[in-house]
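*Asks:* Submitted below is the structure of interest, expressed as structure tokens.
The values are calculated or read from the model by the stated rules, or taken from the named source; none is laboratory data. Note that the structure is a prediction, hence the values are computed from the model and not measured. Ideal geometry is used to build each Cβ from the backbone, glycine not excepted, and the neighbour counts take in all protein chains shown. These area figures cover heavy atoms from the full protein model, side chains too; ligands, DNA and RNA do not enter into them. Shrake-Rupley method; radii C 1.70, N 1.55, O 1.52, S 1.80 Å.
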Amino acid sequence: MPLMPGAEPYRQHGGPVGVLVCHGFTGSPVSMRPWAEAAAAEGLSVSLPLLPGHGTEWRDLNVTRWPDWYAAAEREFDLLAEECEQVFVFALSMGGALALHLAARKGTALAGLVLVNPLVRMPGQSHRALPVVRHLVPSLPGVANDVAREGVSEGGYTRTPLHAAHSLAALARVVQSELPQVTQPVLLFRSRQDHVVPAASSELLLSRISSTDVEERVLERSFHVATLDHDAELIFDGSLDFVRRLTPAAKG
């Protein structure tokens, strides 16, 4: 199955500070490419993988599970860690769940997290029916392109594959149990209007992590895919300032 335009992975070798960039569920690197390029332009080493099952068509995602997505992210993290003195993770939505799982497992090998509308709690109550419904229907209407800016596409699927969504719910439960193990600095961006992941997800994250260096910034003009929205530059600039503050090697 051919890739969607712009969905290919992005990698740029730079200086001694690395950044792993993780896109969201049913999305693709399209949603994160401007952020990744902004980091690369500042001399950071950047890896933006295409997670398994994404960037083609929704049926491909339905035969993957969260350990597949995590394995791809961890592989790129480990490659960056071999090349760089410090590695950060920038992540959106489900990518935030993968980032938090990485943080719980990698400890001080992961220097810090910048999370945008991270998913650590499934929205609503409909996910409770997934164990049964996924065997009856393969997909439901998608949640892609929750963007306030007109004419913007994140390169996501128009359908939500339910076997994969059931696995996403399992990932959320794993991450919730691991939140106290997260000790790294965290910069969290949350859109005041998010039609995909509710504010309760970020509230749960902030209430349970053990990090002491934590900041939340509320985005007033963006929806869920804020990395392509009106506040994107605030995210890009804030994340780079966060990295510079935490590592002298990034100050140039």
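*Asks:* Open to solvent by less than 10 Å² (accessible area, probe 1.4 Å) and either small (Gly, Ala, Ser) or closer than 29 Å to Glu57 by Cβ (or both): does that describe Val197?
*Replies:* Yes, satisfied.
*Asks:* Report, ordered by the first and then the second residue, all pairs with beta carbons closer than 6 Å, sequence separation of six or more or different chains, a first member in region 45-66 that is among the aromatic types (Phe, Trp, Tyr), and a second member that is in a loop (DSSP other than H, G, I, E, B).
*Replies:* From region 45-66, the pairs are Trp58/Tyr157.
*Asks:* Take the conditions more than 24 Å from Pro67 (Cα to Cα), crowded, with 21+ Cβ neighbours inside 10 Å and polar (S, T, N, Q) and apply them to Ser207. Does it pass? Walk me through how you get there before you give the answer.
*Replies:* On the way: more than 24 Å from Pro67 (Cα to Cα): yes; crowded, with 21+ Cβ neighbours inside 10 Å: no; polar (S, T, N, Q): yes.
So Ser207 does not fit the description; no.
*Asks:* Of everything in region 72-120, what is within 22 Å of Pro34 (Cβ to Cβ) and of a type in the set (Ser, Thr, Tyr)? Give them in sequence order.
*Replies:* Hit for region 72-120 is Ser93, nothing else.
*Asks:* I'd like to verify a number: residues in region 181-201 that are closer than 18 Å to Arg221 by Cα and either in a loop (DSSP other than H, G, I, E, B) or modelled with pLDDT of 95 or more (or both), how many?
*Replies:* So the count comes out to 11.
*Asks:* Here's another thing I want to ask about it. Go over the candidates Ser202, Ser191 one by one and state the one that is polar (S, T, N, Q), within 12 Å of Leu92 (Cβ to Cβ) and touching a residue at least 24 places away in the same chain (Cβ under 8 Å).
*Replies:* Exactly one residue qualifies, and that residue is Ser191.
*Asks:* Looking only at region 26-76, count how many residues are polar (S, T, N, Q), farther than 20 Å from Gln12 by Cβ and under 12 Å from the mean Cα position of the chain (by Cα). Steps first, answer last, please.
*Replies:* Initially, region 26-76 is screened for residues polar (S, T, N, Q), giving 26, 28, 31, 45, 47, 56, 62, 64.
If we keep only those that are farther than 20 Å from Gln12 by Cβ as well, we get 26, 56, 62, 64.
Restricting the remaining residues to those that are under 12 Å from the mean Cα position of the chain (by Cα) gives 26.
Result for region 26-76: 1.
*Asks:* For residues that are touching a strand residue (DSSP E or B) at 6+ places or on another chain (Cβ under 8 Å) and surrounded by fewer than 16 Cβ atoms within 10 Å (Cβ to Cβ), tally how many sit in region 143-186.
*Replies:* 1
*Asks:* Which count do you get for residues in region 1-14 that are open to solvent by 20 Å² or more (accessible area, probe 1.4 Å) and more than 18 Å from Phe236 (Cα to Cα)?
*Replies:* Selection size over region 1-14: 9.
*Asks:* Can you find a residue that is at pLDDT 70 or above, assigned to a strand (DSSP E or B) and open to solvent by 30 Å² or more (accessible area, probe 1.4 Å) anywhere in region 111-130?
*Replies:* No, region 111-130 has no match at all.
*Asks:* Criterion first (assigned to a strand (DSSP E or B) and either surrounded by fewer than 22 Cβ atoms within 10 Å (Cβ to Cβ) or not basic (Lys, Arg) (or both)) does Glu233 satisfy it? Lay out the reasoning, then the answer.
*Replies:* On the way: assigned to a strand (DSSP E or B): no; either surrounded by fewer than 22 Cβ atoms within 10 Å (Cβ to Cβ) or not basic (Lys, Arg) (or both): yes.
No.
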